[in-house]
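Notes for the one structure printed next.
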Amino acid sequence: MSGYSLAPFILRRPWLANMVMPAANWYANAAGYKKLGLRYDDLVEEERESTQIALKRLSPKESYDRIYRIRRSVQCSYQHKLLPKDQWTKPEEDTPYLRDIIAQVDTELAEKDALDSMTVTKRH
């Protein structure tokens, strides 16, 4: 989850948000993850160290729910089917639950690297 986001810039300008939101909603629906019952944070790559640490910090219920959503979507994929429309992830349910934890872990890892690479010099 690196890089810069234009979202804060766009959301601070209501006229721009009104122009961009239809395209953003179309793109989110076209991605198809909501039709499999997934949330956006379920798609985060798990191979990164910070993601692994963040996943360990999830509450047991949130971790269970995440694993259930992923397994259910894999089963749908194997069967080449989508979930019934009433089981699709609704936009109000697609809230971030992992991004903030990953950002916190990234900050902690950067601080740790900075402290580990610090050199101490003697003053004369």
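The values are calculated or read from the model by the stated rules, or taken from the named source; none is laboratory data. Quick caveat: nothing in here was measured; it's all calculated off a predicted structure. Quick reminder, even Gly has a Cβ in these numbers, built from the backbone with ideal geometry, and neighbours come from all protein chains shown. We work out accessible area using only protein heavy atoms, side chains counted, and drop any ligands, DNA or RNA first. Shrake-Rupley method; radii C 1.70, N 1.55, O 1.52, S 1.80 Å.
Worth pointing out:
- Selection count where residues are among the basic types (Lys, Arg), within 30 Å of Gln104 (Cβ to Cβ) and exposed (fewer than 15 other Cβ atoms within 10 Å of the Cβ), scope segment 49-93: 5
- Test for Tyr40: is it open to solvent by 90 Å² or more (accessible area, probe 1.4 Å) and touching a residue at least 40 places away in the same chain (Cβ under 8 Å): yes
- Close Cβ contacts (under 9 Å, 6 or more residues apart or on different chains) running from residues in segment 95-124 that are touching a residue at least 12 places away in the same chain (Cβ under 8 Å) to residues that are surrounded by fewer than 11 Cβ atoms within 10 Å (Cβ to Cβ) and not in a helix (DSSP H, G or I) comprise Asp106/Ser2.
- Selection of first residues in segment 19-35 that are closer than 14 Å to Glu93 by Cα and of second residues that are surrounded by 10 or more Cβ atoms within 10 Å (Cβ to Cβ) and small (Gly, Ala, Ser), restricted to Cβ pairs under 6 Å at least 6 apart or on distinct chains, gives an empty result.
- Looking across segment 7-18 at every residue that is more than 19 Å from Pro91 (Cβ to Cβ) and touching a helix residue (DSSP H, G or I) at 6+ places or on another chain (Cβ under 9 Å), the one that is least open to solvent (accessible area, probe 1.4 Å) is identified as Leu16.
- Test result for Gln75, part of a helix (DSSP H, G or I), more than 28 Å from Asn25 (Cα to Cα), modelled with pLDDT of 95 or more and out of contact with any Cys (no Cβ under 8 Å at 6 or more places or on another chain): no
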